[in-house]
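Note sheet for the following structure.
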Amino acid sequence: MDSQKVNLSLYYDSLCPYCATFIVKNLTGVFYKDLISVINLRLVPWGNAYINKSNNAVVCQHGPDECILNALESCTIDIFHDLDKHYALIYCFEFLAIEGRHKDWQSCFDSLGLPKKPVLDCYISGNGTKIVQKYAEESAHLNPPHTFVPWVVVNNQPLQEDYQNFATYVCKAYKGNGAPKVCQSLVSQEQLD
């Protein structure tokens, strides 16, 4: 990770309508506004899930399909280290979730020209569950604890209810040279307010 870059982490549930909308409509803007050049973006698909202590099973807020998608998205992040690839696949899954077609997730591999076998192998082998459990541990140690999702954190500072204005926080936190144009316009706008 580039030390000059700003760490932006998103803690979310794969079938949470607010999370899906944030990923599809808001977060995608980082790629089009050149903000990604100053961000280390991390996606953490766990959100409000929890581990049932009596049988050690993962329980997801939006049911078993969400647990499956959280694990698949975890495998996607683990397998496709290239941010563009894993973000594109997660974007596709979340777009389908918004449309109520999340069960068609396999179509995303074909539409993006990405191999599905490595992700399915990760999921079937149980590696997805192991990765999800790491995300569970990380989520449990957020300070302050998350109270809803999407939970957006910029350089270890949760944005809480102001998460949709994440770009402003990223621009304020960026200390490197050559800030993206979007940061210059956000700073100018803030000076006017």
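FYI, it's all coordinate maths here, none of it is from the lab. If you're wondering where the values come from, they're calculated on a predicted model, not measured in any experiment. Cβ atoms come from the backbone with ideal geometry, glycine included; neighbour counts cover every protein chain shown.
Pairs exceeding 31 Å between alpha-carbon atoms, taken from LYS25/LYS103; LYS85/LYS175; LYS85/LYS172; LYS5/LYS103; LYS5/LYS134; LYS85/LYS130: LYS5/LYS103. Calculated mean residue ellipticity at 222 nm for the chain: -13500 deg cm²/dmol, from DSSP H runs with n ≥ 4 weighted as -39500 (n - 2.57), summed, divided by the residue count and rounded to 500. Taking the C-alpha atoms only, the angle from helix 64-79 to the longest principal axis of the chain is near 60 degrees.
Relative to the longest principal axis of the Cα atoms of the chain, the long axis of helix 181-192 makes an angle of roughly 60 degrees.
When Rg/Rh (Cα atoms, Kirkwood Rh) is computed from the coordinates, the matching label among (1) 0.94; (2) 1.01; (3) 0.98 is (3). In a simple Cβ point-charge model (Lys, Arg +1; Asp, Glu -1; nothing else charged), the range 6-192 has a dipole of about 260 debye relative to its Cα centre.
DSSP assigns beta bridges within the chain; of those with both partners inside it, close to 55 percent run antiparallel. Peptide packing: for 143-149, 12-18, the average count of neighbouring Cβ atoms within 10 Å per residue gives the ranking 12-18, 143-149, highest mean first. Backbone phi angles across the range 45-58, fed through the Karplus curve with coefficients 6.51, -1.76 and 1.60 (θ = phi - 60°), yield HN-Hα couplings of x, 9, x, 9, 5, 8, 9, 5, 5, 6, 10, 6, 8, 7 Hz in residue order; Gly and Pro are listed as x.
To the nearest 0.05, how large is the calculated FRET efficiency for LYS130 and SER107 if R₀ is 22 Å and r is the Cβ-Cβ distance? The value I calculate is 0.25.
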